[in-house]
Every structure is written in C-alpha cells, then in structure tokens.
Amino acid sequence: MIVLHHLNNSRSQRVLWLLEELGVPYEVRRYERLPSLAAPPELKAVHPLGKSPVLTEGDLVLAETGAIVAYLAETHGHGRFQPERGSPDWWRMQHFLHHAEGSAMPPLFMKLVFARIPSQAPVLIRPVAKALMRGVDAHLLAPRLAELFDYWDAALADSGWFAGPEPTIADVMMSFPLEAAGARVGFGARRNLPAFVERVHSRPAYRAALERGGPYAYA
Ligand SMILES: N[C@@H](CCC(=O)N[C@@H](CS)C(=O)NCC(=O)O)C(=O)O
C-alpha cells in the first residue's frame, strides 16, 4: 500500500493531486507544522531529512517530490501523465520536473524568508533590516522572479500545460511554484499563469486531493 507522509500547507499537496488523478489506493499520514513552520520531529523517523513529502510503498522510502511523481507515473501511471518516452514533449517534461525545485522554488523561498526577517529582528534595528530586505528584493529577487514568470507564461502559451497538449507530471511539479508565486508575489499582467492555477484547481482530482489533505493555504 502506498503511504503519503503529508505536511499541512506544503509541497506534498501536489503528490496528493497526482495520486487522485491516477486513481491508485493510498493512505495519508498527516503531520502539522510547528509554530516555527518546521516539520514535526516525527517525520525524521520516516526519512532522515524529516521533510515532506515522503512516500513509502513496501520497502521503498522515497523523499523529493520530483522523484516521487516520477515513481508514481512510472509504476502506477500506465502511460498517463507522461508524453511518449523520448519525444520532445517528454524532454520538456523532464526539464520542468527539475526546474520546479531546482530553479523556481529557490527565489520564492528566499522571498518568503527575507520577508520574515524584519519582524524577527530586535526592535531597534528593525528599520535597518526592513531597508536591507527591500534592497535585496528590488535588486536581486524581483528581477529574477520577473524573468521566471515571463518564461513560464511563454511556456504555457500553446496548450496551457507545460509539456504538450495534456497535463503531465511537469504540471504537477510546477503547480506548487505557481501557487506560491501567485500568493506571495502576484502575476501582474501575465494571463497564462493565473489561468494555469485555475485550470489545476478546477480539476476534480485536485478537489478530491484537498479533501484528503486537509486545509491548504494556496487553494
Ligand atoms: N525539494 C524537496 C523539498 C522538501 C521540503 O522542503 N519540504 C517542506 C514542505 S513545503 C518541509 O518539509 N518543510 C519543513 C521543514 O523544513 O522542517 C521536495 O521537493 O520534496
């Protein structure tokens, strides 16, 4: 039996979405974030890194969302959620599978962390911390994020999906950065990005995943 170790308000939501799309039986073990937003220590008993998601099936204990969605498509997908192996769309899918955690999430995560720094600094240096973070945002993060958003907007222009005419595990992976980007930054005039998020959120499997996972801040 597949078991998904799921942390509230986390990347793990997209694994639930894929499991629902594939219609495979699975069990969800839910974990609640600590007030610091860290995962609770129990997750370390499942995987040494103590992060979510972790998927187990038989003897397999798999962390990293990209590896988990690739495993699910490969072993339970029966050809669904992947273009034809070796085709240009399949390579586009590979690109976005890696891009989601390797290139999209780091600046979004930095944005979240830097935004919190001023409120956690001692009161006396708070104005300095605020000015410093504003500078980092304006000169480093904002231009990098704008470049990424333009890239995604163009990638979605043809079909509304990231790798060909049908949804694939690339879309599953990219759903979290786009949800986070919409909530933390905003898309400006780029119409394909909010349309993608709406397209994902309106799928019956996504709605079912929300019910299995519990409240999720980005939907
Ligand atoms: N690249 C990893 C990131 C895993 C990760 O950082 N998960 C977050 C949830 S969004 C987590 O467990 N955070 C709690 C913590 O770091 O303690 C993946 O895609 O699975």
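Could we say that Leu124 is more than 25 Å from the chain's Cα centre (by Cα), of a type in the set (A, V, I, L, M, F, W, C) and either under 29 Å from Glu84 (Cβ atoms) or exposed (fewer than 14 other Cβ atoms within 10 Å of the Cβ) (or both) here?
On the way: more than 25 Å from the chain's Cα centre (by Cα): yes; of a type in the set (A, V, I, L, M, F, W, C): yes; either under 29 Å from Glu84 (Cβ atoms) or exposed (fewer than 14 other Cβ atoms within 10 Å of the Cβ) (or both): yes.
Yes, satisfied.
Among the residues of region 4-12, is any within 12 Å of the ligand (Cβ to nearest atom), in contact (Cβ under 8 Å) with a residue 24 or more places away in the chain and either closer than 23 Å to Pro165 by Cα or of a type in the set (Lys, Arg) (or both)?
Yes, the conditions are met somewhere in region 4-12.
Name the residue that is surrounded by the fewest Cβ atoms within 10 Å (Cβ to Cβ), counting only residues in region 13-60 that are among the charged types (D, E, K, R) and more than 14 Å from the ligand (Cβ to nearest atom).
If we filter region 13-60 for residues that are among the charged types (D, E, K, R), which is where we start, we get 14, 20-21, 27, 29-30, 32-33, 42, 44, 51, 57, 59.
From what's left, more than 14 Å from the ligand (Cβ to nearest atom): 20-21, 27, 57, 59.
Values: Glu20: 21, Glu21: 22, Glu27: 11, Glu57: 17, Asp59: 5.
In this case the residue turns out to be Asp59.
Go through region 65-96 and report how many residues are within 16 Å of the ligand (Cβ to nearest atom) and within 24 Å of Pro25 (Cα to Cα).
So the answer is 9.
Could you list all residues from region 147-160 that are under 18 Å from the mean Cα position of the chain (by Cα) and without any contact (Cβ under 8 Å) to a residue 12 or more places away in the chain?
Tyr151, the sole residue that qualifies.
All of the numbers you see were taken from the coordinates with simple rules; none came from a lab. Quantities reported herein were computed from a predicted structural model and do not represent experimental measurements. Cβ sites come from the backbone with ideal geometry, for glycine too, and all protein chains shown count toward neighbours.
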